[in-house]
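Everything below concerns the one structure shown next.
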Amino acid sequence: MNWAALFAHEVPLPELIVRGSAIYWFLFVIFRFVLRRDVGSIGIADVLLLVVIADAAQNAMSGPYTTITDGVILISTIVAWNWLLDWSAYHSRVMRRLVMPRPLVIVREGKLCNDALRKELLSQEEIETHIRVHGVEHIKDVKVARLEGDGQISVVRFREARSSD
């Protein structure tokens, strides 16, 4: 085995960093603004989408690299961008708004917010399923339900809202 070739540095460092950065930001924009949320779950179609995107992005990110060192540099670039986004979102309200979607009201005063459901492509059945997970039988018993930035649905019942007043 040729250990030197295995750890050699073949692709110029700036090229690896630019490739990794460009693809990271392209995928970030797609996932943040186009796909947005998935109601806190990952279905088979989502897994397939991630696998296909990862495969399609791999060559664009890596170019002709074949060594471990080039792979480590590329992965480090991607991890660094991810860490930097998390750090900046923690320290900056502007970045937090950019990185994390705002909560979206999907039920208000016991009624579905159809515009919000249409926007997020959520069906009434999906919402009913999620509110039952919170122990609420009917939509009419929900004071407010929000699709949170992380894709989870939070539910406040009328009874809970009144007891805190």
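The values are calculated or read from the model by the stated rules, or taken from the named source; none is laboratory data. Predicted model only: the values in this text are computed from it and were never measured. Virtual Cβ from ideal backbone geometry, glycine too; neighbours counted across all protein chains shown.
Details
- Here Ile127 fulfils each of the conditions (1) touching a strand residue (DSSP E or B) at 6+ places or on another chain (Cβ under 9 Å); (2) outside the structural domain of Ala145 (by TED's automatic domain parsing) apart from (2).
- Entry remark, region 130-145: residues being assigned to a loop (DSSP other than H, G, I, E, B) and loosely packed, with under 12 Cβ neighbours inside 10 Å number 3 in total.
- Residue in region 92-100 that is touching a strand residue (DSSP E or B) at 6+ places or on another chain (Cβ under 7 Å) and among the β-branched types (Val, Ile, Thr) present: no
- Failed item, numbered, when Trp83 is tested on (1) within 15 Å of the chain's Cα centre (by Cα); (2) surrounded by 12 or more Cβ atoms within 10 Å (Cβ to Cβ); (3) part of a helix (DSSP H, G or I); (4) of a type outside the set (Gly, Ala, Ser): (2)
- Residues that are acidic (Asp, Glu) and at pLDDT below 90 were ranked within region 127-165; the one that is farthest from Phe31 (Cα to Cα) is Asp165.
- Residue match in region 109-119 (condition: touching a helix residue (DSSP H, G or I) at 6+ places or on another chain (Cβ under 7 Å), crowded, with 16+ Cβ neighbours inside 10 Å and either touching a residue at least 12 places away in the same chain (Cβ under 8 Å) or not assigned by TED's automatic domain parsing to the domain that holds Arg159 (or both)): yes
- Candidates Val156, Val99, filtered to the one that is within 30 Å of Val18 (Cα to Cα) and surrounded by 16 or more Cβ atoms within 10 Å (Cβ to Cβ): Val99
- Qualifying residue in region 26-43 (condition: surrounded by 15 or more Cβ atoms within 10 Å (Cβ to Cβ), assigned to a helix (DSSP H, G or I) and at pLDDT 80 or above): yes
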